[in-house]
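Quick notes on the structure that follows.
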């Protein structure tokens with residue numbers, strides 16, 4: 001017997017089908033009411049004034065860096081602090097902006113950047129810290145913000161894998177200068193592709209919204225803006241560009257899916273947390289390390305992370321043979337593309353997680369039978 005227990009899944013709700021159908025019937029595919037409603041609600045849920053919906057979390061990270069580099073006069077080669085365990089997008093955007101990524105090892109309890117190690121990595125060329133809230137668990141942003149303010153650094157919080165949960169009573173991303181989230185398929189909410197940049201900075205919002213529209217004049221970013229222009233201005237303003245920008249926009253279809261996701265976000269997080277509690281209860285008898293949640297923090301459980309030590313790969317292969325998809329927790333330092341870039345520095349905690357970390361399914365579409373199948377597979381392997 002074999003079940004199909006996927007590491008991630010997605011199913012539309014009737015509301016999402018209805019909202020997408022409304023978009024199709026309207027004939028309006030470009031930025032409109034679906035975008036405005038989604039952005040406004042997402043910003044409010046994360047304690048921010050503004051949210052910008054675009055084609056990926058990666059693009060949102062790049063836009064944040066680009067904005068600060070252009071407006072604050074950062075130079076090529078200036079340094080950005082990032083954790084040694086994160087998805088490649090975090091370091092790629094730093095390199096694309098011709099900045100220098102400086103890796104800091106992780107806290108072995110939560111796999112996020114260790115705030116106690118950040119100050120030792122700072123130099124006169126450090127310009128920002130880009131902490132990551134990995135796998136659904138918020139980074140220790142209060143400690144990070146104290147360091148950033150003391151050294152006059154910007155904080156761009158990569159929350160692509162974490163949203164809706166709180167850290168010490170505040171929504172994840174609220175305290176950072178700019179926070180970035182992802183709605184790609186395997187994430188907590190899904191719009192197929194997508195990312196959200198959130199901030200309280202009005203100047204950043206205006207600049208970045210223009211940036212994703214090819215650098216277009218802010219006075220005309222969508223067809224509704226034509227009403228704000230005088231008749232004699234329209235020919236000159238509608239195709240006027242004042243910066244070198246990108247095409248990072250999405251359609252109303254993705255925004256409609258996102259709006260539908262926000263109507264069930266509580267259900268999504270509640271079910272993932274229930275799944276995690278169930279797995280913790282039934283896997284605690286095995287020789288593995290289970291997730292630890294600090295006091296005052298909440299976990300969204302994009303995945304369920306465990307530490308398996310020396311037999312990780314054998315266990316992963318066994319679970320896959322039972323139809324249970326898994327993923328490894330992989331740091332940047334073991335990627336072939338970065339070997340030359342980071343090989344001279346030792347990151348012991350990142351290395352340990354790379355050798356021992358394993359991710360299990362924890363998404364909201366799992367049935368109790370799926371969870372029991374995971375538990376039984378562990379029993380078959382260990383007992």
Relative contact order (percent) for region 316-383, with alpha-carbon contacts under 8 angstrom and 6 or more residues of separation?
-> 42 percent
Using Cα pairs under 8 angstrom and six or more residues apart, how large is the relative contact order of region 257-352, in percent?
-> 18 percent
Angle between the chain longest axis and helix 57-72 axis [Cα atoms, degrees, rounded to 10] | 50 degrees
Sort all Cα-Cα distances of the chain into consecutive 10 angstrom bins from zero, then give the percent of pairs in each bin up to the one containing the longest distance.
-> 5, 23, 31, 25, 13, 4, 1, 0
Contact order relative to length of the chain, as percent, for alpha carbon pairs under 8 angstrom and 6 or more apart = 23 percent
Ellipticity estimate at 222 nm from DSSP helix runs (n ≥ 4, -39,500 (n - 2.57)) divided over the chain, nearest 500 = -11500 deg cm²/dmol
Linear extension gain, residue 234 paired with residue 281, 0.36 nm per residue minus alpha-carbon span = 10.6 nm
Measuring from the longest principal axis of the C-alpha atoms of the chain, the long axis of helix 368-382 (C-alpha) lies at a number of degrees, nearest 10, equal to 50 degrees
How many percent of the alpha carbon pairs in region 265-382 exceed a separation of 21 Å?
-> 43 percent
Over the chain, what is the percentage of antiparallel beta bridges among all DSSP beta bridges, to the nearest 5?
-> 60 percent
Could you calculate the contour length gain from residue 6 to residue 227, that is, 0.36 nm times the residue separation minus the distance between their Cα atoms, to one decimal place in nm?
-> 74.7 nm
According to a simple spin-label model (label point 7 Å from Cα along Cα-to-Cβ), what is the distance in nm between residue 292 and residue 214?
-> 5.3 nm
Measuring from centroid to centroid over Cα atoms, what is the spacing of region 311-341 and region 342-363 in Å?
-> 9 Å
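Using square roots of five times the C-alpha gyration tensor eigenvalues, list the equivalent-ellipsoid semi-axes of region 93-190 in whole Å, biggest first.
Numbers: eigenvalues 94, 50, 32 Å².
Output for region 93-190: semi-axes of 22, 16, 13 Å.
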Rounded to 10°, Cα long-axis angle of helix 252-262 versus longest principal axis of the chain = 50 degrees
Taking other Cβ within 10 Å of each residue's Cβ, how do 183, 284 sort, fewest first?
-> 284, 183
Simple label model, 7 Å out from Cα along Cβ direction - residue 123 to residue 26, nm | 4.9 nm
Mind putting together the pair-distance distribution for region 139-210? All Cα pairs, 10 Å bins, whole percent per bin, short to long.
-> 19, 46, 31, 4
For region 50-89, alpha-carbon Rg over 2.2 N^0.38 Å | 1.33
Once every Cα of region 91-137 carries one equal point scatterer and solvent is ignored, give the base-10 log of I(q)/I(0) from the Debye formula at q = 0.15, 0.29 Å⁻¹, two decimals.
-> -0.43, -1.17
For the chain, modelled as a GNM with alpha-carbon contacts under 10 angstrom, which of 129, 345, 212 fluctuates the most?
-> 345
Quick numbers on region 320-383, Rg and Dmax over C-alpha atoms in Å, give 16.1, 47
Multiply the residue separation of residue 264 and residue 376 by 0.36 nm, subtract the distance between their alpha-carbon atoms, and state the gained length in nm to one decimal.
-> 37.3 nm
In bins 10 Å wide, starting from 0, what share of all Cα pairs of region 204-259 does each bin hold, as a percent?
-> 24, 45, 28, 4
Rg and Dmax of region 1-64, Cα atoms, in Å?
-> 16.1, 51
When 96, 282 are ranked with the fewest other C-beta atoms within 10 Å first, the list becomes 96, 282
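Every read-out reported here was derived from the displayed coordinates using simple, explicitly stated rules and does not represent laboratory data. Here the structure is a predicted model, which is why all the values come from computation and not from measurement. Positions of Cβ are generated from backbone atoms using ideal geometry, with glycine treated the same way; all protein chains shown enter the neighbour counts.
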